[in-house]
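Taking it in order: structure first as structure tokens, then the write-up.
The values are calculated or read from the model by the stated rules, or taken from the named source; none is laboratory data. Keep in mind the model is a prediction, meaning the values are calculated, not measured. We place every Cβ from the backbone using ideal geometry, glycine too, and count neighbours over all the protein chains shown.
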């Protein structure tokens, strides 16, 4: 894409009133725009990142058998009265259509459970794994942390349905692996801990995925023995690590990037979601639910990967693979144009800074936007028949012959 | 995909209380589920169709320079007060977060205009084309027509920004061509008419795209001379065809599948969206807006393409390319399994009915779901080392040698 026609532009200053680095950087670099507290627009660059994250999550959900659907955001009040959460959940947005009342879905257990009830009759219909990537709404009080906490936010929610607890346990472990694959591809796996959190009626613990980050609003205690963690909420109730019994912990600030929950019969009981088992008796379906916020994941990546100059996108979630820049006169620009078209032909994702700006301005924008590779064309590089690659992460510079530039990029991304 | 694990199932009966064929068929065939009047869940099959429609629209929007973003559904009341539509638009859902009031976005002019204002300064920043594919909310009174009219619905909305009326006029024509390409790929172009509708302050007419259909809620008058149409609303004000001056019309029932509007300065004035022109003066930006409802398009396709037995999907929007069915015992199934795996390797999209059901049930489901090609494996076809293809649309049957099946499918879809 040509930067000259890119509708969002970088700003010289950080936005006022934003305290979190993800909001500061993403707004200044032109990835998002704030409409209201906790409500953001994804601009073209931000939308590209969002689509990359969506793709990763979708692929990993499909690998563990997830079938994708799309449920509505408008939920009839009746559904939420069945579980008592119409009154219980304080953050539900409520509205009226004539005499009928609706909730704006903060989550979808109240919708998926009666939906699945229409199709599940026997043990043969189980297990079942259903997910969606969909807009959620929560009337949050504190919404000052950019994309980390929103009143409106995109979420992947997966729901699983099982004939037995053992089958739920087995799938729960598969989801944990899938989540770590997602965090690995997004770039934050090394800083992300499987964390014990409070459970419910049907299981002693639930799990969160917490990413270590100084700006995080959560606190976790990482077991020095097994590297799993306990969240602050349950720290007092748990003497030793529930995983390995170790009792030496390190306290860290963190961001919750995912949570998973064994619901058991919590929702199948009120909605009477049963199945006919092999032995001829009716039993309640065992359920699990598994969430990841896409915007929050994007915000977390920025909190973890940035420096003074801007964002440092991990390879797989960067809006583009290469930021092509030219510095020089007409002849240099002509060669850049040619290179741009060649890269596009090779299906390499390029942001091409074709603007007539000073080299300084271009370099500043480039560091701010944070694409992993900068490809510079200048009189100096052309004298050696080369382009210059600079890795955003390390600052490492390498001159590469023009005709080998494509291969250099492909190799970089294949690593 | 294996039909045995497909979570949605076909139903024996049409749903009660649905009067429109799109809702009847899509619910019975397991594409959608009704949560409340005008509020639907897209089940796995319906979600696949939705994604195909989304892909077509996205590609055609990108071809005419559209940059994709994602705006929120929660809109601050202030934005809507600027234009007076907070009171004016009766179908706005309204809600509160603390003392702050929000609209659930029924459209996004009130959001995109101030957003673009942040980035447009000079004529050099124009023109600009921005679109999104996003969930809209309207508190409609009449919501009995399935996917044709919803309280919550996915819409593609494109907004264009220009320095001059002439440039808006030029782009408006480009959008008309893009829309016809979309309708062609979706399969309904031949039945879809560019239709004059009432304009506004800034243009005499707007345009709708109306698809001929007996179940349509709209009425159009098609000019026998030029094949463009006039909608009922303006029929009395318009003596002859605004396009060719012809005055012989044919009355038809139709569904509105898209509309486009020259907004002119309607929104740039209240939001003071100006730019510095070449001559050094400030001028208001000229705007256009262009909508297509994705669900409505899906519903329209079903209204237009079905028969007594079920849906007849056009090639490019079918959830799968082939419906593979076997009739027979173990050996037949084994060969079907092999064929299924081979087709998948070739990246052919297959729904494979691997269930142990009677041939009759399988055939009924197959016709109901409406994938363009049925591929049957039976003892009879295997005796000739063949599979049998049946085209859903024509009922035409053809025996094809097993080893040539893949090529047959590819050729069918390349036509």
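Name every residue in segment B:141-154 that is in contact with a helix residue (DSSP H, G or I) (Cβ under 7 Å, 6 or more places away or on another chain) and either farther than 19 Å from residue B:74 by Cα or not in a loop (DSSP other than H, G, I, E, B) (or both), in order of residue number.
Correct list: B:146, B:147, B:148, B:153, B:154.
Of all residues in segment B:141-158, which are over 26 Å from residue A:42 (Cα atoms) and either under 14 Å from the mean Cα position of the chain (by Cα) or within 9 Å of chain A (Cβ to nearest Cβ) (or both)?
B:141, B:146, B:147, B:148, B:149
Only residues that are within 12 Å of chain A (Cβ to nearest Cβ), in a loop (DSSP other than H, G, I, E, B) and touching a helix residue (DSSP H, G or I) at 6+ places or on another chain (Cβ under 9 Å): list them for segment B:72-107, please.
Answer for segment B:72-107, where residues must be within 12 Å of chain A (Cβ to nearest Cβ), in a loop (DSSP other than H, G, I, E, B) and touching a helix residue (DSSP H, G or I) at 6+ places or on another chain (Cβ under 9 Å): B:72, B:92, B:105.
How many residues are under 22 Å from residue B:134 (Cα atoms) and over 29 Å from the mean Cα position of the chain (by Cα) when one looks only at segment A:96-136?
So the count comes out to 2.
With respect to residue A:7, determine if the residue is more than 23 Å from the chain's Cα centre (by Cα) and either at the interface with another protein chain (Cβ under 7 Å from one of its Cβ atoms) or touching a residue at least 60 places away in the same chain (Cβ under 8 Å) (or both).
yes
Restricting attention to segment A:274-296, and to residues there that are in contact with a strand residue (DSSP E or B) (Cβ under 6 Å, 6 or more places away or on another chain) and not in a strand (DSSP E or B), which single residue is surrounded by the most Cβ atoms within 10 Å (Cβ to Cβ)?
So, considering only residues that are in contact with a strand residue (DSSP E or B) (Cβ under 6 Å, 6 or more places away or on another chain) and not in a strand (DSSP E or B), the one surrounded by the most Cβ atoms within 10 Å (Cβ to Cβ) is A:285.
Within segment A:10-26, can you find the residues that are buried (at least 16 other Cβ atoms within 10 Å of the Cβ) and either more than 14 Å from chain B (Cβ to nearest Cβ) or without any contact (Cβ under 8 Å) to a residue 24 or more places away in the chain (or both)?
Residues satisfying the conditions are A:18, A:20, A:21, A:22, A:23, A:24, A:25.
Identify, by number, the condition in (1) over 27 Å from residue A:182 (Cα atoms); (2) surrounded by 21 or more Cβ atoms within 10 Å (Cβ to Cβ); (3) free of Cβ contacts under 8 Å to residues at least 40 places away in the same chain that residue A:268 doesn't meet.
Among (1) over 27 Å from residue A:182 (Cα atoms); (2) surrounded by 21 or more Cβ atoms within 10 Å (Cβ to Cβ); (3) free of Cβ contacts under 8 Å to residues at least 40 places away in the same chain, residue A:268 violates only (3).
Considering segment A:214-225 alone, what residues qualify as being touching a helix residue (DSSP H, G or I) at 6+ places or on another chain (Cβ under 9 Å) and in a loop (DSSP other than H, G, I, E, B)?
Passing the criteria: A:214, A:215, A:216, A:217.
Give the residues of segment B:325-356 that are touching a helix residue (DSSP H, G or I) at 6+ places or on another chain (Cβ under 7 Å) and at positive phi, sorted by residue number.
Answer for segment B:325-356, where residues must be touching a helix residue (DSSP H, G or I) at 6+ places or on another chain (Cβ under 7 Å) and at positive phi: just B:328.
Is there a residue in segment B:109-130 that is farther than 22 Å from residue B:269 by Cα, assigned by TED's automatic domain parsing to the domain that holds residue B:153 and at pLDDT 95 or above?
no
Would you mind listing the strands (runs of 3 or more DSSP E) fully within segment A:318-414 where at least 1 residues are free of Cβ contacts under 8 Å to residues at least 40 places away in the same chain, exposed (fewer than 13 other Cβ atoms within 10 Å of the Cβ) and outside the structural domain of residue A:32 (by TED's automatic domain parsing)?
A:397-401
For residue A:171, state whether it is assigned by TED's automatic domain parsing to the domain that holds residue A:250 and either outside any strand (DSSP E or B) or surrounded by fewer than 21 Cβ atoms within 10 Å (Cβ to Cβ) (or both).
Yes; evaluated as a whole, the condition is true for this residue.
Test residue A:94 against the criterion of being modelled with pLDDT of 95 or more and over 22 Å from residue A:273 (Cβ atoms), and give yes or no.
yes
Of everything in segment A:115-140, what is assigned to a strand (DSSP E or B) and either surrounded by fewer than 22 Cβ atoms within 10 Å (Cβ to Cβ) or within 10 Å of chain B (Cβ to nearest Cβ) (or both)? Give them in sequence order.
Of everything in segment A:115-140, those that are assigned to a strand (DSSP E or B) and either surrounded by fewer than 22 Cβ atoms within 10 Å (Cβ to Cβ) or within 10 Å of chain B (Cβ to nearest Cβ) (or both) turn out to be A:122, A:128, A:129, A:130, A:132, A:133, A:134, A:135, A:136, A:137.
Report whether or not residue B:60 is more than 11 Å from chain A (Cβ to nearest Cβ) and in contact (Cβ under 8 Å) with a residue 24 or more places away in the chain.
Yes.
Among the residues of segment B:179-213, which ones are free of Cβ contacts under 8 Å to residues at least 60 places away in the same chain and assigned to a loop (DSSP other than H, G, I, E, B)?
If the condition is that a residue be free of Cβ contacts under 8 Å to residues at least 60 places away in the same chain and assigned to a loop (DSSP other than H, G, I, E, B), then B:204 is the only one that fits.
If you go through segment B:27-57 one residue at a time, how many are more than 12 Å from every other protein chain (Cβ to nearest Cβ) and assigned to a helix (DSSP H, G or I)?
6
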